[in-house]
Amino acid sequence: MFQEIPSGLCLVLSGIIFSIGAIGAITRRNVIVIFMCIELMLNAVNLAFIASGNAFSSMDGAVFVFFIMTVAAVEAAVGLAIFVMVFRLQGTVNADEVNLLKG
Amino acid sequence: MDAIGFKFILFMITALVVIVSSVLMATRKNPIHSALWMIVTFFAMAVIYLLLNAQFIAVAQVMVYAGAIMMLILFVIMMVNMDKGDEKKTTKAPWSFGKKMAAALLMVILLVELLFGALFYRMTARVGDYPADAVAAVGNAKTVGALLYGQYLFPFEVASILLLIGIVGAVVIAKRNK
């Protein structure tokens, strides 16, 4: 049988990916790219779940990742519908230019 | 080369691909390039899931993320006019040097904290009932399915209602008003 990958390495990778996603979500201004960075952060969390589930020979990690994927899919559908609507109303998808609530 | 080294080397290469492609995703100016690098990231993550004995999740990753979500994102990128969302042509002033440095410092602190937690925190938990060999004997998808329809039946039903609400909500929001 193959030897397992040390779970610490997977958690380090998860932390690096989460940080990249957080940096992108803070510095970018295009809402769709921000959205993709948030998806990347969700993926990093999924990786942490799978790595810990594997380390503890538990299946709960996979089940939690399944639910996270469900929520991510719903979030993608509703979020992108909102972006399309914002683009129709404001004519832009730049997060700095969107000021619908400003009086 | 023995089998032990092979899996580790594959993990390292895939981890490198994930990091490089996600950095490219976060930095490309063209959103379509970002989306395509994101797909590379998702596929590489699926390989890592395979290496961690999560075959069902690896396939679901490719189907849900790389298939459905990224296709939706590419559709929306092509639907909205990206020239007007261009980050260069914004009317707002770009970030000042101090603001950039503060953000960078914040991110470095976050990264160090995460790495510190990942490397030095000793996780203690009861070892579960699903060692890799036993799961492989039954089948990964079968085990996950038995859990989803058994122990996690109620959250599974709630997730289905959530998906239904998501479908209806997306249609209602994106519907063009007459």
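Hey, does region A:3-11 have a residue that's under 16 Å from B:VAL18 (Cβ atoms) and within 11 Å of the chain's Cα centre (by Cα)?
Step one: filter region A:3-11 for residues under 16 Å from B:VAL18 (Cβ atoms), giving A:5, A:9-11.
Add one more test, that the residue is within 11 Å of the chain's Cα centre (by Cα), and what stays is none.
No.
For region B:146-163, check the following and say yes or no: at least one residue is more than 23 Å from the chain's Cα centre (by Cα), more than 8 Å from chain A (Cβ to nearest Cβ), β-branched (Val, Ile, Thr) and in a helix (DSSP H, G or I).
no
Here is a check on your reading of the model: is B:GLY85 at pLDDT 85 or above and farther than 17 Å from A:LEU13 by Cα?
Here the answer is no, as B:GLY85 does not meet what is asked.
What number of residues within region A:88-103 satisfy the criterion of being open to solvent by 40 Å² or more (accessible area, probe 1.4 Å) and either among the charged types (D, E, K, R) or facing chain B (nearest Cβ under 7 Å) (or both)?
Residues that pass the stated criteria total 4.
Can you tell which of A:ILE32, A:ILE16, A:ILE68, A:ILE26 is at the interface with chain B (Cβ under 7 Å from one of its Cβ atoms), under 15 Å from the mean Cα position of the chain (by Cα) and surrounded by fewer than 18 Cβ atoms within 10 Å (Cβ to Cβ)?
A:ILE26
If I filter region B:51-64 down to residues being within 19 Å of B:THR143 (Cα to Cα) and open to solvent by 10 Å² or more (accessible area, probe 1.4 Å), which single residue comes out as nearest to the chain's Cα centre (by Cα)?
By that ranking, first place goes to B:ALA60.
Restricting to region B:119-142, and then to whatever is free of Cβ contacts under 8 Å to residues at least 24 places away in the same chain and part of a helix (DSSP H, G or I), can you tell me which residue is least open to solvent (accessible area, probe 1.4 Å)? Before you say what the answer is, go through the steps one by one.
Applying the first criterion (free of Cβ contacts under 8 Å to residues at least 24 places away in the same chain) to region B:119-142 yields B:119-131, B:133-134, B:137-139, B:142.
Now restrict to residues that are part of a helix (DSSP H, G or I): B:119-120, B:133-134, B:137-138, B:142.
Working: B:LEU119: 93, B:PHE120: 137, B:ASP133: 98, B:ALA134: 50, B:ALA137: 87, B:VAL138: 90, B:LYS142: 142 Å².
Filtering first and then ranking leaves B:ALA134.
Could you list, in sequence order, the residues of region A:76-85 that are under 29 Å from B:TRP95 (Cα atoms) and open to solvent by 30 Å² or more (accessible area, probe 1.4 Å)?
Residues satisfying the conditions are A:ILE82, A:PHE83, A:MET85.
Quick check on my filter: what residues within region A:76-87 are at pLDDT 90 or above and more than 8 Å from chain B (Cβ to nearest Cβ)?
A:GLY79
Find the residue count for region B:148-178, including only residues that are at pLDDT below 90 and open to solvent by less than 50 Å² (accessible area, probe 1.4 Å).
Matching residues across region B:148-178 total 1.
With the condition kept exactly as written, say whether any residue in region A:39-46 is acidic (Asp, Glu) and farther than 16 Å from B:LEU52 by Cβ.
There is at least one residue in region A:39-46 that is acidic (Asp, Glu) and farther than 16 Å from B:LEU52 by Cβ.
What do you reckon, is A:SER58 within 7 Å of chain B (Cβ to nearest Cβ), open to solvent by less than 50 Å² (accessible area, probe 1.4 Å) and over 21 Å from B:MET63 (Cα atoms)?
Values: within 7 Å of chain B (Cβ to nearest Cβ): yes; open to solvent by less than 50 Å² (accessible area, probe 1.4 Å): yes; over 21 Å from B:MET63 (Cα atoms): yes.
The answer is yes for A:SER58.
How about region B:1-50: which of its residues are more than 21 Å from A:VAL45 (Cβ to Cβ), β-branched (Val, Ile, Thr) and crowded, with 16+ Cβ neighbours inside 10 Å?
B:THR27
For region B:31-44, state whether one or more residues are at pLDDT below 90 and assigned to a loop (DSSP other than H, G, I, E, B).
Within region B:31-44 (the criterion being at pLDDT below 90 and assigned to a loop (DSSP other than H, G, I, E, B)), the answer is no, since none of the residues qualifies.
Condition test on B:LYS142, is it modelled with pLDDT of 85 or more, at negative phi and of a type in the set (Lys, Arg)?
Yes, satisfied.
The values are calculated or read from the model by the stated rules, or taken from the named source; none is laboratory data. Quick caveat, the model's predicted, so the values are computed rather than measured. Please note: Cβ atoms are built from the backbone with ideal geometry, for glycine as well, and neighbour counts cover all protein chains shown. These area figures cover heavy atoms from the full protein model, side chains too; ligands, DNA and RNA do not enter into them. Shrake-Rupley method; radii C 1.70, N 1.55, O 1.52, S 1.80 Å.
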